[in-house]
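The values are calculated or read from the model by the stated rules, or taken from the named source; none is laboratory data. Just so you know, these numbers come straight off a predicted model, no measurement behind them. Note: ideal-geometry Cβ built from the backbone for every residue, glycine included; neighbour counts use all protein chains shown.
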Amino acid sequence: MNFPPRAQLAQCPTPLHKLDRMGQSLGVELYVKRDDLTGAELSGNKIRKLEFLLAEALAQGCDVVITGGGEQSNHCRATALAATRLGLGSVLCLRTLDKKQPPPTRGNILLDRLAGAEVVWIDHEDWAHQQETYEREAERLRRAGKKPYIIPEGGSNALGAWGYIACVQELSKQLATLPRKATTLVYACGSGGTGAGLVIGGKAFGFADLGVSIAGVNVCDDRDYFVKKIGDIAKAFARDYAGPTVADHEIEIVDGYVGRGYAKSRPEELECLRELASKEAIILDPVYTGKAFYGLCQELGKDKERFGERVVFLHTGGIFGLFPAAEAFDALW
Ligand SMILES: Cc1ncc(COP(=O)(O)O)c(C=O)c1O
């Protein structure tokens, strides 16, 4: 595939680690694709997408990026740091319950501030009209003589999808060094961009021929929402880059693990996160990877064959969201 221009930000290829102890207790050959190691402060899945999005921002001569997300958004933190690294400014529209009483500066918010981002607090009402919110900020910046570039929620659009096509290319080389086995790549799905890149990349790099399937565990909304969202990104990708067509039935979403809602944890999810950390020194986050891994364990508990002989869990990062959630773990100690 002909990749579009790319700003080099991520430390790649990320390693593929075998998790013997956890795999044994789950009854499968378990691997983790360490996309939490794409960097230190600039880590996780968003950086792969930002390599392409920010390259476009630079090519268009933009000097500031605008994006948004939840108050502890990993995407916003990664955007702020990546923008700074490339000499761009950033405006982050962070969603909180009451914008007049913003949350304390901790976790990702602390890193946003350190990176020099301008934080604009928005509420759920503003979020419901996200595009207008970004346009309003863009207009304000233009009036101040700036040239803004808008990045959608999660960096999830056709251009951002290239990030996870690149990851599939990397992973297919890594899997080719292992004996062939029925394998499923399991990932956390939050805004659909990672899923879209994986599904498009899986088709382009012949995952089916390698016996590899892809399954997303949604951490918000539901299966229908993500089949549509991923399908829409794939359609835009096919249009813009002559990519492969993706049918709805080729998008597998494992629904049922949103739990108490987006960014709200249940004790059993935190216990699962603790178990993986104490067995394998792999640290998940409570909002995305922790929920997806909990879903994976539950599904295997019901049916060991569910994902084939080998499971590759895609660790998409998010460690900084763990610290503001520390008190939720108190009951475990
Ligand atoms: C740590 C982490 N994992 C997974 C996701 C989900 O990725 P996507 O938004 O591409 O579905 C996100 C962001 O939403 C994230 O921050």
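Number of residues in segment 300-333 that are over 27 Å from Gln174 (Cβ atoms) and away from the ligand (no atom under 16 Å from the Cβ) equals 10. Among the residues of segment 124-134, is there at least one that is closer than 13 Å to Val65 by Cβ, of a type in the set (Ser, Thr, Tyr) and in a strand (DSSP E or B)? Within segment 124-134, none of the residues are closer than 13 Å to Val65 by Cβ, of a type in the set (Ser, Thr, Tyr) and in a strand (DSSP E or B). Scanning segment 153-186 for residues that are under 14 Å from Gly216 (Cβ atoms) and of a type in the set (Ser, Thr, Tyr) gives Ser156, Tyr164, Thr184. Mind listing whichever residues of segment 93-112 are under 21 Å from the mean Cα position of the chain (by Cα) and either assigned to a strand (DSSP E or B) or loosely packed, with under 15 Cβ neighbours inside 10 Å (or both)? Passing the criteria: Cys93, Leu94, Arg95, Arg106.
Scanning segment 236-275 for residues that are assigned to a loop (DSSP other than H, G, I, E, B), farther than 15 Å from Asn218 by Cα and in contact (Cβ under 8 Å) with a residue 40 or more places away in the chain yields Gly243, Pro244, Val246. Apart from one condition, Glu269 fits all of (1) within 16 Å of the ligand (Cβ to nearest atom); (2) in contact with a Leu (Cβ under 8 Å, 6 or more places away or on another chain); the exception is (2).
Going through (1) outside the structural domain of Cys297 (by TED's automatic domain parsing); (2) under 22 Å from the mean Cα position of the chain (by Cα); (3) touching a residue at least 60 places away in the same chain (Cβ under 8 Å) one by one, Lys147 falls short only on (2).
Here Gly154 fulfils each of the conditions (1) within 16 Å of the ligand (Cβ to nearest atom); (2) surrounded by fewer than 18 Cβ atoms within 10 Å (Cβ to Cβ); (3) assigned to a helix (DSSP H, G or I) apart from (2).
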